[in-house]
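Step one of this worksheet: look at the structure below.
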């Protein structure tokens, strides 16, 4: 059964809305787990959109911290930016939805040029 593209993007939009809205409800209450770091840990290499949705919901449940962190790191190849983060984490990802979520996480965590 194929999922209609509109339905897929409605699900993605709902997941993002839910993630952002939970930021205000749970900010600072639960430890140091960050939603966007969870995404970058679990999402790379995802092959299909159903699994990508499940990872989003797992990270929402596990990590109540939805805040931006804007990390300023300097790696071996220079300053780590959102663009470099996206290429590093999404290049082996076949799921379009997973790539979109990875890009969002990178832009929330790292500065962009």
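The residue of the range 28-48 that is modelled with the highest pLDDT, among those that are surrounded by fewer than 18 Cβ atoms within 10 Å (Cβ to Cβ) and either within 9 Å of residue 66 (Cα to Cα) or in contact with a helix residue (DSSP H, G or I) (Cβ under 7 Å, 6 or more places away or on another chain) (or both), is 44.
Before we move on, is residue 25 within 13 Å of the chain's Cα centre (by Cα) and modelled with pLDDT under 70? Before you say what the answer is, go through the steps one by one.
Working: within 13 Å of the chain's Cα centre (by Cα): no; modelled with pLDDT under 70: yes.
So residue 25 fails the test.
Given the criterion crowded, with 18+ Cβ neighbours inside 10 Å, at pLDDT below 90 and closer than 30 Å to residue 4 by Cα, identify the matching residue among 59, 63.
Details: 59 fails: at pLDDT below 90.
The match here is 63.
The values are calculated or read from the model by the stated rules, or taken from the named source; none is laboratory data. Just so we're clear, the structure is a prediction, and the values are computed from it rather than from any experiment. No Cβ is skipped: glycine too gets one built from the backbone with ideal geometry, and neighbour counts run over all protein chains shown.
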